[in-house]
(Lines give C-alpha, C1' and ligand atoms only; values in the text may rest on other atoms or scores of the structure.)
Protein backbone atom coordinates (compact mmCIF):
# COMPACT_ATOMS: atom_id res chain seq x y z
CA UNK A 1 0.00 0.00 0.00
CA UNK A 2 1.39 3.38 -1.00
CA UNK A 3 2.14 5.93 1.71
CA UNK A 4 0.21 9.20 1.98
CA UNK A 5 3.39 11.01 0.88
CA UNK A 6 3.59 8.93 -2.33
CA UNK A 7 -0.10 9.46 -3.01
CA UNK A 8 0.15 13.23 -2.65
CA UNK A 9 3.29 13.41 -4.79
CA UNK A 10 1.54 11.44 -7.53
CA UNK A 11 -1.51 13.71 -7.43
CA UNK A 12 0.76 16.74 -7.70
CA UNK A 13 2.76 15.32 -10.59
CA UNK A 14 0.52 16.94 -13.20
CA UNK A 15 0.18 20.19 -11.25
CA UNK A 16 3.74 20.97 -10.22
CA UNK A 17 7.27 20.89 -11.56
CA UNK A 18 8.45 19.77 -8.10
CA UNK A 19 5.76 17.35 -6.89
CA UNK A 20 7.95 15.59 -4.30
CA UNK A 21 9.03 18.86 -2.71
CA UNK A 22 5.52 20.27 -2.75
CA UNK A 23 4.10 17.06 -1.28
CA UNK A 24 6.48 17.25 1.68
CA UNK A 25 5.78 20.97 2.21
CA UNK A 26 2.02 20.48 2.03
CA UNK A 27 2.01 17.51 4.39
CA UNK A 28 4.27 19.35 6.83
CA UNK A 29 1.89 22.32 6.77
CA UNK A 30 -1.18 20.17 7.36
CA UNK A 31 0.28 17.81 9.97
CA UNK A 32 2.25 20.42 11.90
CA UNK A 33 5.41 18.33 11.48
CA UNK A 34 8.66 19.42 9.88
CA UNK A 35 9.58 18.52 6.31
CA UNK A 36 12.43 16.46 7.72
CA UNK A 37 9.95 14.47 9.79
CA UNK A 38 7.71 13.90 6.76
CA UNK A 39 10.62 12.63 4.69
CA UNK A 40 11.88 10.41 7.50
CA UNK A 41 8.42 8.97 8.21
CA UNK A 42 6.68 8.39 4.87
CA UNK A 43 4.26 6.09 6.68
CA UNK A 44 2.65 9.17 8.29
CA UNK A 45 -1.09 8.92 8.79
CA UNK A 46 -3.49 11.87 8.93
CA UNK A 47 -6.47 12.22 11.22
CA UNK A 48 -9.94 12.97 9.83
CA UNK A 49 -9.59 16.75 10.09
CA UNK A 50 -6.15 16.73 8.49
CA UNK A 51 -7.35 14.48 5.66
CA UNK A 52 -10.19 16.88 4.92
CA UNK A 53 -7.74 19.77 4.85
CA UNK A 54 -5.47 17.83 2.48
CA UNK A 55 -8.37 17.00 0.16
CA UNK A 56 -9.43 20.66 0.11
CA UNK A 57 -5.87 21.81 -0.60
CA UNK A 58 -5.44 19.36 -3.47
CA UNK A 59 -8.78 20.40 -4.93
CA UNK A 60 -7.74 24.06 -4.85
CA UNK A 61 -4.46 23.22 -6.57
CA UNK A 62 -6.32 21.23 -9.21
CA UNK A 63 -8.47 24.30 -9.91
CA UNK A 64 -5.30 26.26 -10.66
CA UNK A 65 -4.79 28.10 -7.38
CA UNK A 66 -1.16 28.92 -6.67
CA UNK A 67 0.63 26.75 -4.13
CA UNK A 68 1.62 29.64 -1.80
CA UNK A 69 -2.00 30.79 -1.58
CA UNK A 70 -3.10 27.29 -0.64
CA UNK A 71 -0.51 27.30 2.14
CA UNK A 72 -1.50 30.81 3.17
CA UNK A 73 2.12 31.74 3.79
CA UNK A 74 5.42 32.07 1.95
CA UNK A 75 9.06 32.67 2.79
CA UNK A 76 10.86 35.86 1.81
CA UNK A 77 14.28 37.06 2.95
CA UNK A 78 14.48 34.24 5.47
CA UNK A 79 11.14 35.02 7.12
CA UNK A 80 7.62 33.68 6.75
CA UNK A 81 4.81 35.96 5.62
CA UNK A 82 1.08 35.45 5.64
CA UNK A 83 -0.38 35.84 2.16
CA UNK A 84 -3.81 35.68 0.57
CA UNK A 85 -5.05 36.27 -2.97
CA UNK A 86 -5.27 39.97 -2.06
CA UNK A 87 -1.48 40.30 -2.34
CA UNK A 88 1.26 39.31 -4.74
CA UNK A 89 3.32 36.27 -3.80
CA UNK A 90 6.76 37.51 -2.58
CA UNK A 91 9.46 36.47 -5.02
CA UNK A 92 13.19 35.76 -4.57
CA UNK A 93 14.22 38.40 -7.13
CA UNK A 94 12.76 41.12 -4.90
CA UNK A 95 15.32 40.22 -2.22
CA UNK A 96 17.86 42.15 -4.32
CA UNK A 97 15.94 45.37 -3.60
CA UNK A 98 15.85 44.59 0.12
CA UNK A 99 19.58 43.82 0.20
CA UNK A 100 20.42 47.16 -1.45
CA UNK A 101 18.07 49.04 0.87
CA UNK A 102 19.54 47.50 4.02
CA UNK A 103 23.11 48.10 2.87
CA UNK A 104 22.35 51.78 2.14
CA UNK A 105 20.71 52.40 5.52
CA UNK A 106 23.50 50.67 7.42
CA UNK A 107 26.14 52.67 5.55
CA UNK A 108 24.27 55.96 6.01
CA UNK A 109 23.20 55.96 9.67
CA UNK A 110 21.68 59.45 9.37
CA UNK A 111 19.31 58.11 6.70
CA UNK A 112 16.34 56.54 8.43
CA UNK A 113 13.14 57.85 6.83
CA UNK A 114 11.98 55.15 4.41
CA UNK A 115 8.99 54.70 2.12
CA UNK A 116 7.73 51.43 0.68
CA UNK A 117 5.26 52.28 -2.07
CA UNK A 118 2.80 49.54 -2.98
CA UNK A 119 3.68 47.43 0.05
CA UNK A 120 1.34 44.48 -0.61
CA UNK A 121 2.06 41.84 2.04
CA UNK A 122 4.56 44.20 3.65
CA UNK A 123 7.47 41.89 2.85
CA UNK A 124 9.85 44.68 1.80
CA UNK A 125 9.07 47.09 4.64
CA UNK A 126 9.10 44.38 7.30
CA UNK A 127 12.36 42.85 6.04
CA UNK A 128 14.01 46.27 6.19
CA UNK A 129 12.61 46.99 9.66
CA UNK A 130 13.83 43.67 11.05
CA UNK A 131 17.37 44.34 9.83
CA UNK A 132 17.60 48.11 10.41
CA UNK A 133 16.20 48.98 13.86
CA UNK A 134 16.66 52.74 13.35
CA UNK A 135 14.51 52.79 10.19
CA UNK A 136 11.12 54.52 10.31
CA UNK A 137 9.00 53.36 7.41
CA UNK A 138 5.90 54.60 5.63
CA UNK A 139 4.23 51.70 3.79
CA UNK A 140 1.44 52.56 1.36
CA UNK A 141 -1.03 50.59 -0.71
CA UNK A 142 -4.24 51.38 -2.56
CA UNK A 143 -5.77 48.08 -1.41
CA UNK A 144 -7.23 48.01 2.13
CA UNK A 145 -7.26 44.20 2.01
CA UNK A 146 -3.53 44.15 1.26
CA UNK A 147 -2.83 46.59 4.08
CA UNK A 148 -4.66 44.36 6.54
CA UNK A 149 -2.35 41.49 5.57
CA UNK A 150 0.71 43.75 5.85
CA UNK A 151 -0.33 44.98 9.30
CA UNK A 152 -0.75 41.41 10.56
CA UNK A 153 2.65 40.47 9.17
CA UNK A 154 4.25 43.49 10.85
CA UNK A 155 2.70 42.49 14.17
CA UNK A 156 3.78 38.86 13.73
CA UNK A 157 7.36 40.05 13.20
CA UNK A 158 7.19 42.59 16.06
CA UNK A 159 8.04 45.62 13.90
CA UNK A 160 4.64 47.35 13.89
CA UNK A 161 6.09 50.30 15.86
CA UNK A 162 8.56 51.00 13.04
CA UNK A 163 6.03 51.06 10.22
CA UNK A 164 3.13 53.40 9.52
CA UNK A 165 0.64 51.92 7.05
CA UNK A 166 -1.38 54.32 4.91
CA UNK A 167 -4.10 53.53 2.38
CA UNK A 168 -3.57 55.80 -0.62
CA UNK A 169 -2.80 55.90 -4.33
CA UNK A 170 1.03 55.75 -4.30
CA UNK A 171 1.65 58.66 -1.89
CA UNK A 172 -0.45 60.28 0.86
CA UNK A 173 -1.79 63.82 0.63
CA UNK A 174 0.41 66.87 1.06
CA UNK A 175 -0.64 67.35 4.69
CA UNK A 176 1.04 64.05 5.56
CA UNK A 177 4.27 65.22 3.93
CA UNK A 178 4.29 68.45 5.91
CA UNK A 179 3.84 66.56 9.17
CA UNK A 180 6.62 64.05 8.46
CA UNK A 181 10.27 64.19 7.41
CA UNK A 182 11.30 63.80 3.80
CA UNK A 183 12.38 60.33 2.66
CA UNK A 184 16.02 59.30 2.54
CA UNK A 185 15.15 56.00 0.86
CA UNK A 186 12.18 55.08 -1.28
CA UNK A 187 11.45 51.50 -2.35
CA UNK A 188 8.85 50.53 -4.92
CA UNK A 189 7.84 47.19 -6.36
CA UNK A 190 4.90 48.54 -8.33
CA UNK A 191 2.98 46.71 -11.06
CA UNK A 192 5.40 46.73 -14.01
CA UNK A 193 4.26 44.12 -16.51
CA UNK A 194 2.91 45.59 -19.78
CA UNK A 195 -0.79 44.79 -20.07
CA UNK A 196 -0.57 42.61 -23.18
CA UNK A 197 2.44 40.72 -21.80
CA UNK A 198 0.66 40.12 -18.50
CA UNK A 199 -2.32 38.51 -20.23
CA UNK A 200 -0.01 35.87 -21.70
CA UNK A 201 1.62 34.91 -18.38
CA UNK A 202 0.69 31.93 -16.23
CA UNK A 203 0.10 34.24 -13.24
CA UNK A 204 -2.66 36.12 -15.05
CA UNK A 205 -5.91 35.42 -13.23
CA UNK A 206 -4.07 33.60 -10.44
CA UNK A 207 -2.56 36.64 -8.69
CA UNK A 208 -4.17 40.09 -8.28
CA UNK A 209 -4.13 42.01 -11.56
CA UNK A 210 -3.93 45.22 -9.55
CA UNK A 211 -0.46 44.15 -8.41
CA UNK A 212 0.75 43.12 -11.89
CA UNK A 213 -0.59 45.42 -14.60
CA UNK A 214 1.83 48.24 -15.40
CA UNK A 215 -0.20 49.64 -18.28
CA UNK A 216 0.62 49.80 -21.99
CA UNK A 217 4.41 50.04 -21.61
CA UNK A 218 4.75 48.77 -18.03
CA UNK A 219 5.62 52.17 -16.58
CA UNK A 220 2.25 53.80 -15.88
CA UNK A 221 2.59 53.74 -12.11
CA UNK A 222 6.30 54.55 -12.06
CA UNK A 223 5.65 57.55 -14.32
CA UNK A 224 2.98 58.83 -11.93
CA UNK A 225 5.21 58.17 -8.92
CA UNK A 226 8.23 59.94 -10.41
CA UNK A 227 6.11 63.01 -11.23
CA UNK A 228 5.22 63.44 -7.57
CA UNK A 229 8.45 62.32 -5.92
CA UNK A 230 10.84 65.29 -5.91
CA UNK A 231 9.05 67.21 -3.15
CA UNK A 232 8.97 64.08 -0.97
CA UNK A 233 12.71 63.38 -1.03
CA UNK A 234 15.57 64.57 1.14
CA UNK A 235 18.40 66.54 -0.46
CA UNK A 236 20.15 63.30 -1.42
CA UNK A 237 17.93 60.25 -1.54
CA UNK A 238 18.05 56.74 -2.92
CA UNK A 239 15.19 55.33 -5.00
CA UNK A 240 15.04 51.57 -5.60
CA UNK A 241 12.49 50.22 -8.09
CA UNK A 242 11.93 46.66 -9.25
CA UNK A 243 11.31 46.51 -13.01
CA UNK A 244 10.36 44.11 -15.79
CA UNK A 245 13.59 42.35 -16.82
CA UNK A 246 13.22 43.16 -20.54
CA UNK A 247 12.73 46.89 -19.99
CA UNK A 248 16.05 47.95 -18.50
CA UNK A 249 16.97 50.48 -21.18
CA UNK A 250 13.50 52.01 -21.10
CA UNK A 251 13.67 52.25 -17.30
CA UNK A 252 16.95 54.18 -17.47
CA UNK A 253 15.51 56.60 -20.03
CA UNK A 254 12.43 57.18 -17.88
CA UNK A 255 14.53 57.82 -14.77
CA UNK A 256 16.82 60.18 -16.70
CA UNK A 257 13.85 62.21 -17.90
CA UNK A 258 12.57 62.77 -14.36
CA UNK A 259 15.91 62.91 -12.53
CA UNK A 260 18.44 64.38 -15.00
CA UNK A 261 21.03 65.10 -12.28
CA UNK A 262 20.80 61.71 -10.60
CA UNK A 263 23.20 58.79 -10.64
CA UNK A 264 21.30 55.94 -12.29
CA UNK A 265 22.23 52.25 -12.33
CA UNK A 266 20.69 48.92 -13.25
CA UNK A 267 21.32 45.81 -11.19
CA UNK A 268 20.82 42.22 -12.30
CA UNK A 269 19.19 39.48 -10.25
CA UNK A 270 20.67 36.03 -9.63
CA UNK A 271 19.29 34.87 -12.99
CA UNK A 272 21.34 37.58 -14.72
CA UNK A 273 18.27 39.63 -15.68
CA UNK A 274 17.89 43.39 -15.31
CA UNK A 275 15.74 43.67 -12.19
CA UNK A 276 16.51 46.72 -10.08
CA UNK A 277 16.59 50.39 -11.04
CA UNK A 278 18.71 52.49 -8.66
CA UNK A 279 18.38 56.27 -8.67
CA UNK A 280 20.57 58.36 -6.36
CA UNK A 281 19.11 61.85 -6.48
CA UNK A 282 20.43 65.24 -5.54
CA UNK A 283 18.34 68.35 -5.20
CA UNK A 284 19.07 71.20 -7.59
Practice item. Quickly run through region 135-147 and pick out the residues that are in contact (Cβ under 8 Å) with a residue 60 or more places away in the chain and crowded, with 16+ Cβ neighbours inside 10 Å. Key: 143, 146
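Scan region 213-233 for residues that are crowded, with 18+ Cβ neighbours inside 10 Å and not in a helix (DSSP H, G or I) and jot them down.
Filtering region 213-233 down to residues crowded, with 18+ Cβ neighbours inside 10 Å leaves 213-214, 218-219, 221-222, 225-226, 229, 232-233.
Answer for region 213-233, where residues must be crowded, with 18+ Cβ neighbours inside 10 Å and not in a helix (DSSP H, G or I): 213, 214, 218, 219, 229, 233.
Check 146, 154, 129 and return the single one that is under 18 Å from residue 191 (Cα atoms), modelled with pLDDT of 95 or more and assigned to a helix (DSSP H, G or I).
Numbers: 154 fails: under 18 Å from residue 191 (Cα atoms); 129 fails: under 18 Å from residue 191 (Cα atoms).
After ruling out the rest, the residue left standing is 146.
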Check your understanding: Say we look at region 117-134 and pick out the residues that are touching a residue at least 60 places away in the same chain (Cβ under 8 Å) and within 15 Å of residue 208 (Cα to Cα); which of these is surrounded by the fewest Cβ atoms within 10 Å (Cβ to Cβ)?
Key -> 118
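If a residue counts only when it is farther than 18 Å from residue 152 by Cα, which strands (runs of 3 or more DSSP E) contained entirely in region 24-120 have at least 3 such residues?
Working: elements: 73-76, 79-82, 113-117.
Per the criteria, 113-117.
Return the only residue of 135, 111, 129, 103 being within 17 Å of the chain's Cα centre (by Cα) and assigned by TED's automatic domain parsing to the domain that holds residue 266. Break it down into steps so the answer makes sense when it comes.
On the way: 135 fails: within 17 Å of the chain's Cα centre (by Cα); 111 fails: within 17 Å of the chain's Cα centre (by Cα); 103 fails: within 17 Å of the chain's Cα centre (by Cα).
Every option except 129 fails the conditions.
Of everything in region 235-266, what is assigned to a strand (DSSP E or B), surrounded by fewer than 17 Cβ atoms within 10 Å (Cβ to Cβ) and in contact with a strand residue (DSSP E or B) (Cβ under 6 Å, 6 or more places away or on another chain)? Give them in sequence order. Give the derivation first.
Step one: filter region 235-266 for residues assigned to a strand (DSSP E or B), giving 235-242, 263-266.
If we keep only those that are surrounded by fewer than 17 Cβ atoms within 10 Å (Cβ to Cβ) as well, we get 235-236, 263, 265-266.
Hits for region 235-266 are 263, 265, 266.
Checking the structure you have, find out if any residue of region 223-230 is in contact with a strand residue (DSSP E or B) (Cβ under 9 Å, 6 or more places away or on another chain) and modelled with pLDDT under 85. Break it down stepwise before answering.
Taking region 223-230 as the starting set, the residues that turn out to be in contact with a strand residue (DSSP E or B) (Cβ under 9 Å, 6 or more places away or on another chain) are 225-226, 229.
From what is left, the residues that are modelled with pLDDT under 85 are none.
Within region 223-230, none of the residues are in contact with a strand residue (DSSP E or B) (Cβ under 9 Å, 6 or more places away or on another chain) and modelled with pLDDT under 85.
The values are calculated or read from the model by the stated rules, or taken from the named source; none is laboratory data. These figures come from a predicted structure and were not determined experimentally. Don't worry about glycine lacking a Cβ; one is built from the backbone with ideal geometry, like all the others, and counts go over all protein chains shown.
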